[in-house]
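A short reminder: the numbers here are calculations on the coordinates, not readings from a lab. The shown structure was predicted, so the numbers you read here are calculated from the model rather than taken from an experiment. For neighbour counting, all protein chains shown are included, and Cβ atoms are generated from backbone atoms with ideal geometry for every residue, glycine included.
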Amino acid sequence: MVSATTFLEARGVRRSFGTDPILRDVNLCIRSGESVSITGPSGSGKTTLLSILALLLKPDAGEVWVAGSETSSLSDRERSRLRNQFFGYVFQATHLVGSLPVLDNVLVPALIAGSGRGRRDYARSLLAGLGLGNRENHLPHMLSLGQRRRVALARALVLEPPFILADEPTNDLDPRRAGQIAEFLLGLPARGHALVIVTHDRALANEADIRLDLHDGVLRDAAESSDEPSVDETEAAVLHDPFARVRGTTLDDQQ
Ligand SMILES: Nc1ncnc2c1ncn2[C@@H]1O[C@H](COP(=O)(O)OP(=O)(O)O)[C@@H](O)[C@H]1O
Ligand SMILES: [Mg+2]
């Protein structure tokens with residue numbers, strides 16, 4: 001279980017690629033137990049921002065604070081240590097290790113942290129909770145996209161990190177499977193985690209405690225920019241409420 005309140009903060013974050021300014025002045029503060037959604041048009045910098053928050057990418061300017069430490073002056077090794085300790089990252093492409101069975105994939109962060117054996121039972125309970133109890137020994141290519149997403153989710157959670165960052169975790173799933181993953185994610189703040197979710201799915205975004213929109217390199221309250229097209233309609237897979245159909249259902253292993 002996540003202990004005391006932990007903060008993740010971005011102050012005046014800027015990032016360009018070449019001459020393209022992507023993030024101009026991003027400010028954000030998230031604490032454990034909160035959920036934050038970030039919407040914005042395709043190419044607006046959502047993945048870039050999530051990568052900076054998770055210390056996977058450095059900003060050109062500005063500060064990222066993790067649990068009281070300003071991270072820009074840290075060595076790569078120290079950043080890696082903080083990343084492993086504080087973040088669970090759900091990549092848009094799941095990035096599972098193709099040669100490893102499901103259970104071992106979930107245990108990868110624990111192996112890196114040197115606690116693989118101690119986390120085994122917890123990893124199995126996560127898989128069971130995600131409806132994948134009977135898929136522990138399968139290889140990733142034997143699974144559907146929805147199942148692989150859930151394995152990636154279990155991997156992000158295996159060390160019980162304070163911050164879960166999820167990049168479009170429901171994309172390309174049918175509404176029912178998308179709803180199941182969304183419900184699982186939205187239950188994390190009650191377990192003490194902070195959740196930052198990047199999504200094109202407005203119904204999912206609206207379920208978060210704090211709803212932000214990334215537009216022209218600046219994060220704004222989504223309510224303030226709701227008159228502007230914050231969702232790329234061409235990429236939006238699910239714009240209606242995917243939860244309506246699944247509330248009360250349990251996760252299964254069909255997709
Ligand atoms: N490594 C990179 N090198 C050059 N340009 C990049 C790189 N990563 C992202 N970009 C560009 O930055 C912009 C924002 O990308 P991204 O953060 O992936 O947006 P989003 O996740 O909102 O779709 C895009 O124009 C993209 O092409
Ligand atoms: Mg993206």
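Once divided by 2.2 N^0.38 Å, the Cα radius of gyration of segment 146-201 becomes 1.05.
Taking the average, over residues, of other Cβ atoms within 10 Å as the packing measure, peptides 29-37, 180-188, 59-67 rank 180-188, 29-37, 59-67 from highest down.
Placing +1 on the Cβ of every Lys and Arg and -1 on the Cβ of every Asp and Glu, with nothing else charged, gives segment 114-212 a dipole about its Cα centre of roughly 400 debye.
Could you compute the FRET efficiency for Met142 and Asn206, with r as their C-beta to C-beta distance and R0 at 41 Å, rounded to 0.05?
Values: r = 35 Å, r/R0 = 0.85.
Computed FRET efficiency for Met142 and Asn206: 0.75.
Using equal-weight Cα scatterers in the Debye expression, the normalised intensity of segment 19-79 in log10 at q = 0.12, 0.20, 0.21, 0.24 Å⁻¹ is -0.32, -0.89, -0.97, -1.20. Ranking Leu8, Leu57, Pro41 by Cα position along the charge dipole of segment 1-96, where only Lys, Arg, Asp and Glu carry charges on their C-beta atoms, puts Leu57 farthest toward the positive end. Rg of the Cα atoms in the chain, relative to 2.2 N^0.38 Å, amounts to 0.97. Highest-first packing order for the peptide set 104-112, 116-124 is 104-112, 116-124, based on the mean count of other beta carbon atoms within 10 Å.
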